[in-house]
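We did not get these values from a lab; they are worked out from the coordinates using the rules stated. What you see is a predicted model, and the numbers here were worked out from it, not measured in a lab. Cβ atoms come from the backbone with ideal geometry, glycine included; neighbour counts cover every protein chain shown.
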Amino acid sequence: SRRRLGIGDVRLSYKKQDAICPVAFAPRGTHPLFGALALENLMLEVDPLNRRLKRTKLYLAGAV
């Protein structure tokens, strides 16, 4: 199905790290989703074995 959702930017905080991230505002009662952009902006990655978030390094890709 399709829905129109409002979009905007929010400030997310995780363990004293802040980042501005784009979001889609879903209807009340919808489970929140912490997506790839939020993880990247906060420099986090998912550790599926230990079921937690952990810090990661970001690498810039560019022409050499």
(message) With the crude spin-label approximation of a point 7 Å out along Cα→Cβ, what separation in nm comes out for Val10 versus Asn50?
(response) 2.7
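Please state, rounded to one decimal and in Å, the Kirkwood hydrodynamic radius that the chain gives when every pair of distinct Cα atoms enters the mean of 1/r.
Numbers: mean 1/r = 0.0719 Å⁻¹.
Its Kirkwood hydrodynamic radius stands at 13.9 Å.
Give me the number: length gained by fully extending Phe25 to Arg3, i.e. 0.36 nm times residue separation minus the C-alpha to C-alpha distance, one decimal in nm.
Values: separation 22, 0.36 × 22 = 7.92 nm, distance 1.10 nm.
This chain segment gains 6.8 nm when fully extended.
Could you pull out the chymotrypsin sites (Phe, Trp or Tyr not before Pro) across the chain that fall in loop regions by DSSP (anything but H, G, I, E, B) with no more than 13 other Cβ atoms inside 10 Å? Show your work: numbers first, answer last.
Working: sites: Tyr14, Phe25, Phe34, Tyr59; in loops: Phe34, Tyr59.
Answer by residue number: Tyr59.
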